[in-house]
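Read-outs throughout are calculated quantities, based only on the coordinates presented, and are distinct from any laboratory measurement. Not measured: the values here are computed from a predicted model. Neighbour counts run over all protein chains shown; Cβ positions are idealised from the backbone, glycine included.
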Amino acid sequence: MRKIVLTALMTIMCMSTFATETLPIKGSIISPSDKFIQYTGRISFANPERPAWNFPGIQIVAAFEGSSLKMLAKPGSGYFMAQIDGAEPFKVAFTGKKDSLVTLATALPCGQHLVRLMYVIEGFEFYPEFWGFVLDKGCKLVKAPSLPARKLEFIGNSITCGYGNEGTNAKEGFSYETENHYYSYASLAARALDAQHWVVARSGIGAYRNFGGPKTGTPDSNMPVQYEYTGYAWKPELRGEPTFLKEKWDFKRYQPDVVCVNLGTNDLSTNNYDVKLLKQGYQTLLKMVRQHNPKAKIVFLCGSMLLDKELEIAKNILDEVVAEANKAGDREVYRFNFTYQNGDLGYGNDFHPSLWQHEKMAAELTAYLRSLMNWF
């Protein structure tokens with residue numbers, strides 16, 4: 001298990017409903033709309049003082065003055081990974097009903113520093129929001145280094161999210177504590193390639209049929225539907241549904257160089273699938289991805305949880321979809337297969353890839369993308 005350093009981490013209890021002018025906070029409060037904050041990922045800025053999202057992999061980067069840094073977020077937003085000045089990253093928890101302020105760093109050398117934050121779970125129950133930073137009194141943000149020029153997008157399911165990768169018991173089910181997208185193959189490959197990566201992924205989703213869905217598919221909530229939106233709703237009848245979930249995504253905000261699609265595991269689950277409909281689902285998604293990303297290379301990934309008959313079905317269908325797209329004139333659609341996980345690197349929860357399996361997947365995909373894009 002990768003050791004996560006939690007030094008310099010302290011949670012301070014504050015009011016769950018707050019206005020910055022009434023919070024008992026000492027220091028300079030930095031608005032989320034500050035021009036020097038860099039955001040990556042599908043974030044809604046419908047309210048610029050409350051950026052909202054629920055896909056994993058959202059990143060917030062800022063350079064700041066002073067010797068300390070605190071982060072403000074909606075109580076119950078979930079888990080982030082934080083990194084200060086390139087030091088060992090550590091996990092940050094906004095899990096309490098009134099936890100809205102967390103100290104990320106104290107006693108830093110006076111000067112300028114860099115913070116990188118990543119939302120590392122699926123926020124389908126939390127609807128997280130970022131509320132800003134708190135700096136030493138009189139300090140401010142400054143211009144941060146430019147974001148990487150290389151751009152990736154990952155479309156996927158629980159594997160891409162990092163479901164259970166910090167767990168060590170394959171027979172244990174899902175928990176937010178053991179999901180960490182920071183150590184997913186997608187995030188690891190992006191860092192190895194010095195690339196941005198934006199994520200459209202949630203557990204259980206499929207190209208035509210979500211996990212446990214009918215053989216005819218789940219056309220109201222599969223990936224071709226979700227791909228159009230800034231976020232996604234999960235059982236909205238259980239709570240008020242944030243308006244940003246109805247927000248259509250503006251694809252002009254991010255045009256990736258490569259789009260990696262890793263779906264099929266849920267479509268082919270529970271021995272209740274239709275091969276013809278799955279192929280149609282892949283084709284529908286490909287058409288949509290190409291429409292919104294006309295210059296991107298599109299790579300269909302396969303593995304690593306499928307096996308036996310379902311693995312061969314997925315490979316064959318994807319080979320057909322790519323071959324037919326190439327023949328029809330789209331020569332920038334490709335295929336890549338991960339090595340199947342056989343347990344030699346352990347399992348995460350629910351037999352999902354372990355941290356070590358994700359590292360292996362990342363190494364395989366990194367090598368492939370370096371060659372495909374000539375990113376050396």
- Near Asp85, within a Cβ-to-Cβ distance under 15 Å, what is the net charge of the other residues, with Lys and Arg +1 and Asp and Glu -1? -1
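If you count the DSSP beta bridges with both ends in segment 237-376, what percent of them are antiparallel, to the nearest 5?
Working: 1 of 10 bridges.
Counting only bridges with both partners in segment 237-376, antiparallel ones make up about 10 percent.
Counting only other residues whose beta carbon sits under 12 Å from that of Pro48, what net charge do I get with K and R as +1, D and E as -1?
Neighbour charge sum, excluding Pro48 itself: -1.
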- Query: When only Cα pairs under 8 Å and 6 or more residues apart are kept, what is the percent relative contact order across the chain?
  - Reply: 18
- Rounded if a/c is under 1.5, else prolate if a/b is larger than b/c, else oblate: which is segment 150-297, with a ≥ b ≥ c the root eigenvalues of its Cα gyration tensor? rounded
- Can you bin segment 120-210 into rounded, prolate or oblate? Criterion: square roots of the alpha carbon gyration tensor eigenvalues sorted a ≥ b ≥ c, rounded for a/c under 1.5, prolate for a/b above b/c, oblate for the rest. prolate
- Query: Which one, [x] 36, 21, 20; [y] 42, 22, 18; [z] 32, 28, 17, gives semi-axes √(5λ) of the Cα gyration tensor in Å as derived from the coordinates shown?
  - Reply: [x]
- lysines near Lys287 by alpha-carbon distance under 21 Å, same-chain residues fewer than 8 away left out - which ones? Lys151, Lys248, Lys252, Lys276, Lys279, Lys295, Lys297, Lys315, Lys327
- Message: Students often forget the sequence filter, so: which lysines lie under 27 Å Cα-Cα from Lys140 once same-chain residues fewer than 8 apart are removed?
- Response: Lys26, Lys35, Lys70, Lys74, Lys91, Lys98
- Item | Angle between the chain longest axis and helix 355-373 axis [Cα atoms, degrees, rounded to 10] | 70
- Note on the structure: Expressed in angstrom and rounded, the centroid-to-centroid distance over alpha carbons for segment 176-218 and segment 45-77 is 22
- Item | Bridge type composition, the chain - antiparallel percent by DSSP, nearest 5 | 65
- Between rounded, prolate and oblate, where does segment 236-315 land on the alpha carbon gyration tensor, with a ≥ b ≥ c its root eigenvalues, rounded for a/c under 1.5, else prolate if a/b exceeds b/c? oblate
- Item | Using alpha-carbon coordinates, inclination of helix 275-292 to the longest axis of the chain, degrees | 50
- With -39,500 (n - 2.57) per DSSP H segment of 4 or more residues and division by the full residue count of the chain, the 222 nm estimate, nearest 500 deg cm²/dmol, is -6000 deg cm²/dmol
- Message: Using Cα springs under 10 Å in a Gaussian network model of the chain, which residue among Asn165, Asn262, Asn326 shows the largest mean-square fluctuation?
- Response: Asn326
- Query: Considering the chain as a Gaussian network with a 10 Å cut-off on Cα pairs, which listed residue, Pro214, Pro224, Pro256, attains the greatest mean-square fluctuation?
  - Reply: Pro214
- Message: Only four residue types carry charge here, +1 at the Cβ of Lys and Arg and -1 at the Cβ of Asp and Glu. Report the dipole size of the chain about the Cα centre in Debye, rounded to the nearest 20.
- Response: 700
- Pick out, from Ile205, Thr230, Tyr182, the residue whose Cα sits farthest towards the positive end of the charge dipole of segment 172-243, with +1 on the Cβ of Lys and Arg and -1 on the Cβ of Asp and Glu. Ile205
